[in-house]
Structure formats: C-alpha cells, structure tokens
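Visitor: Would you mind keeping the following structure in view while I ask a few things?
The values are calculated or read from the model by the stated rules, or taken from the named source; none is laboratory data. Bear in mind that the values here come from a model prediction, so they are computed numbers and not experimental data. For neighbour counting, all protein chains shown are included, and Cβ atoms are generated from backbone atoms with ideal geometry for every residue, glycine included.
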C-alpha cells in the first residue's frame, strides 16, 4: 500500500484535510449539543413529588438557595438540606443506515444507551437579622450519559457521551417589606465532558482517487476518536418573592447564561495502514494526531414563575412555568492547536423551550404529607438536527411524593417521577457520509430522597 501511494501524483491532501476538519468538528459539536440538550431540574426531591409545581413558593424547602434566592425569605433560622436523585434513563434505537457507497452499515442497534445517574444537591441557608438571608448551594443544572456498543450501526455518530455540569451558588435575599423580597446569587459553574465515536477512515481513503481502487472501502478501516475537556464559568441569578395574601405566594427568577471555553485533549486511534497513507505527504501527515483544542459556548439563560395557593391548612395547589433560552446555542467554532487541522464551524439550531407543571400537596397529619403533580417538558432539539448523543424529545411527567416530619425541625422526603418521552426520530449523516435513519424509544424514571434539618 505504501509503495503504491508514493507513486501516485494524484493524492489529494487538501481534500483529506477538509474531510478531517468535518470529522473533528462533528465530534466537538456533539460535546456542546449534548450539554445544551439535557437540562436537569433534579436538585429538589420535595418539589419533584409535585412535578416541581410551586418549587419556589410552597415553602419549607432550602433548595430555593439555588433556584430563587429571594424565596429564602420564607425560611426561618438556619437550615441544611441534602437531596439525591437517581435518574434511570432508557434510550433504545431501532433502524439502520448506509455508508457513503449506499451499502448497509454493519453493527447492531447499540443496546440500551441509557444509564443510572445519581444527581446530588446540597443547600445551606441562615437568617441574618430580621431582613437578610444568606445561603450556599451545590447542584447539577445539566448533565447526562449515553453509551452505545462500540461497534453499533451509529458508531460514526456517537459511542459514549458523558457530560457533567456542577454549580456552586452563593445567595443573598433582602426583605424589602413584610410581603416582598429580592434576592441575588453568584454562580461558579464547572463543566466536564468526555465524548467518543468511531471514525470511518475506510471512506476517507476510498473516496480519494489517488488510492488504488478497492484498497480501502467504507467500514474497512475504523479508527476511534476521544475528546475530554473541562472549564469554569461564572454567572448570576436574581429573584423576587411576593406574599400576595395569607393564601397566595408568587415568585419569579432569572438566571443568566454562562460563558465557557472548554479546553481539553483530542485523542485518536488510527489504523497503521491509514497512518501510512497520511504520512506520504507533509500536508496530511499531521491529521488525526493527538492535540489540544478549545470551543466557546454558553449555557443558556433561564426564567421561571412559581405560584402556590394554600386552600386550607392541610391542602395546597401550585404551578410553575419555566422558559429556557436555548436559541443562544446556534453555532460552535472549534479551534484546534494542531496547525494541520483547520478550525471548523458547525450549526445545531436549538430552539427555546417551555416547562409547565401543576401539582398539589395534602397533609394527612402533622407528620405525613402526600404530593402529586404533572408536567409538560418541551425539548429544544429539532427533528432535522437531532443526533444520537442526546436522542431527546418532548417529555410528559407524572410525579408522586411523600413527606415525613418526625420532629418540627426535621423533615425527610421521597419522590418519584416517570417520564413519558415521545419517540425521537433520527435522520443524521456523519461527515464521512454514513447515514443513520430510525427512531429512539426513550423513557425515564426518577427516584429521590432528601433530608432537611433546622437549627
């Protein structure tokens, strides 16, 4: 192979470099698209039992440190709360695909790409004087993990995606009047990502006229790519809290977008025969070599309204309305340190999305409470641009919860939610012309437990 390619003056290194840019760009794009397409609300088990209805207004919930700092106004004394939610996600693909020559792609359906993901949250709040509250919270606003069989039919789009986003929140609230409070939070956010996929080097070389016909074919020389990186970003949140009457409470919050520059390593496994072809020309010798890279992106702004009505001493009803400005995530420019690899710009075209929930709570006694709620959670993904890393679609929630207060200063909560997810269609083509067509059948179950302690 090496000898034949050395004698062929028609070898086109610039064409190979352009295709390499597309492949690497697609791998990096998946990092941002994945992080943007899966928002986590699971920092509050008590509210989860009501499908997050009244999350900022129902009271006796220290998670407002992270969700709306102004709502700390309703908390008395010093409180610590710990929540953990296990998210059990299932994502199963059915369909198939073709390579650049129109031949069926080998491999199975990838197994169940979902995983069991623990999501912890911690909040601490203390009352300072008659009008001030201060709080500190740690929670995960975004995150997910999908992993397919390494040789599955969609391996050229994605194999593993593991995104973790963790916030440290520092909050303060001030009671402007007895009925109205304002709050502010400073947010430090850490994002880490690991993403892998197969690379169809057989196609890259099969479509090059300088390579002898039949020496390489699509799917005959698979390689592998892995990206891993992280970054710290900083943002803010403001909130307002109104006691409209003895029975009605309203709250509003706005969270800023947070800028990130993900910095990390790109590692590639390249078959020896492919590396030999690339080495024949100095313009391609550096392609698909381990390098560093950066990509700028924003985690989106988020606004929420929360309402709670106390029907009587035992029964309350609430509603929440959330809006996420996903349309700030339109393009991604990837800058590679490797001088042989040109920058790439990708488009993923996310749209703004709404979350609406209704729920209630009934006190069976001073110690036991029952909760229930439903929610509608619109996906930001579009059918035309959805990829297997986040095979997400619009979700409907059904939630149940149980609260137990053994003493006036101690509370434990259990929560469960089932997510009914619409089938997510996939019609995606990789940079090497591998066409994946089918649908994902998704579902999710959330199990949570929390404890709140008042000092």
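Visitor: With the checklist (1) touching a strand residue (DSSP E or B) at 6+ places or on another chain (Cβ under 6 Å); (2) without any contact (Cβ under 8 Å) to a residue 60 or more places away in the chain in hand, flag the one item residue 264 doesn't pass.
Guide: (2)
Visitor: Mind listing just one residue for me: the one in segment 129-150 that is modelled with pLDDT of 95 or more and outside any strand (DSSP E or B) and, of those, surrounded by the most Cβ atoms within 10 Å (Cβ to Cβ)?
Guide: Residue satisfying both the conditions and the ranking: 148.
Visitor: Let me ask something else. Of the numbered conditions (1) more than 30 Å from residue 250 (Cβ to Cβ); (2) surrounded by fewer than 17 Cβ atoms within 10 Å (Cβ to Cβ); (3) touching a helix residue (DSSP H, G or I) at 6+ places or on another chain (Cβ under 7 Å), residue 184 fails exactly one; give the number of that condition.
Guide: Unmet for residue 184, out of (1) more than 30 Å from residue 250 (Cβ to Cβ); (2) surrounded by fewer than 17 Cβ atoms within 10 Å (Cβ to Cβ); (3) touching a helix residue (DSSP H, G or I) at 6+ places or on another chain (Cβ under 7 Å): (1).
Visitor: Considering only residues that are surrounded by fewer than 18 Cβ atoms within 10 Å (Cβ to Cβ) and under 30 Å from residue 67 (Cβ atoms), which ones fall in segment 257-298?
Guide: Selection gives 257, 259, 261, 263, 296, 298.
Visitor: If you check residue 423 against the conditions, is it within 22 Å of the chain's Cα centre (by Cα), crowded, with 20+ Cβ neighbours inside 10 Å and in contact (Cβ under 8 Å) with a residue 12 or more places away in the chain?
Guide: On the way: within 22 Å of the chain's Cα centre (by Cα): yes; crowded, with 20+ Cβ neighbours inside 10 Å: no; in contact (Cβ under 8 Å) with a residue 12 or more places away in the chain: yes.
So residue 423 does not fit the description; no.
Visitor: Output yes when any residue across segment 402-424 is modelled with pLDDT under 95, closer than 16 Å to residue 350 by Cα and in a strand (DSSP E or B), and no when none is.
Guide: yes
Visitor: Would you mind stating whether residue 226 is surrounded by fewer than 19 Cβ atoms within 10 Å (Cβ to Cβ) and within 19 Å of the chain's Cα centre (by Cα)?
Guide: Spelling it out, residue 226 is indeed surrounded by fewer than 19 Cβ atoms within 10 Å (Cβ to Cβ) and within 19 Å of the chain's Cα centre (by Cα).
Visitor: In addition: So which residues in segment 310-324 are surrounded by fewer than 18 Cβ atoms within 10 Å (Cβ to Cβ) and touching a residue at least 60 places away in the same chain (Cβ under 8 Å), if there are any at all?
Guide: Selection gives 311 alone.
Visitor: Out of 312, 259, 290, 343, which single residue is within 30 Å of residue 150 (Cα to Cα) and modelled with pLDDT of 90 or more?
Guide: Step by step, each of 312, 259, 290, 343 is checked, and only 290 is within 30 Å of residue 150 (Cα to Cα) and modelled with pLDDT of 90 or more.
Visitor: Right, something else. Hey, does segment 159-167 have a residue that's touching a strand residue (DSSP E or B) at 6+ places or on another chain (Cβ under 7 Å), in a loop (DSSP other than H, G, I, E, B), touching a residue at least 24 places away in the same chain (Cβ under 8 Å) and surrounded by 17 or more Cβ atoms within 10 Å (Cβ to Cβ)? I'd like the intermediate steps shown before the answer.
Guide: Keep residues of segment 159-167 that are touching a strand residue (DSSP E or B) at 6+ places or on another chain (Cβ under 7 Å), which gives 159-167.
Then drop every residue that is not in a loop (DSSP other than H, G, I, E, B), which leaves 159.
Those left that are additionally touching a residue at least 24 places away in the same chain (Cβ under 8 Å): 159.
Going one step further and asking which of them are surrounded by 17 or more Cβ atoms within 10 Å (Cβ to Cβ), we end up with 159.
Scanning segment 159-167 turns up at least one residue that is touching a strand residue (DSSP E or B) at 6+ places or on another chain (Cβ under 7 Å), in a loop (DSSP other than H, G, I, E, B), touching a residue at least 24 places away in the same chain (Cβ under 8 Å) and surrounded by 17 or more Cβ atoms within 10 Å (Cβ to Cβ).
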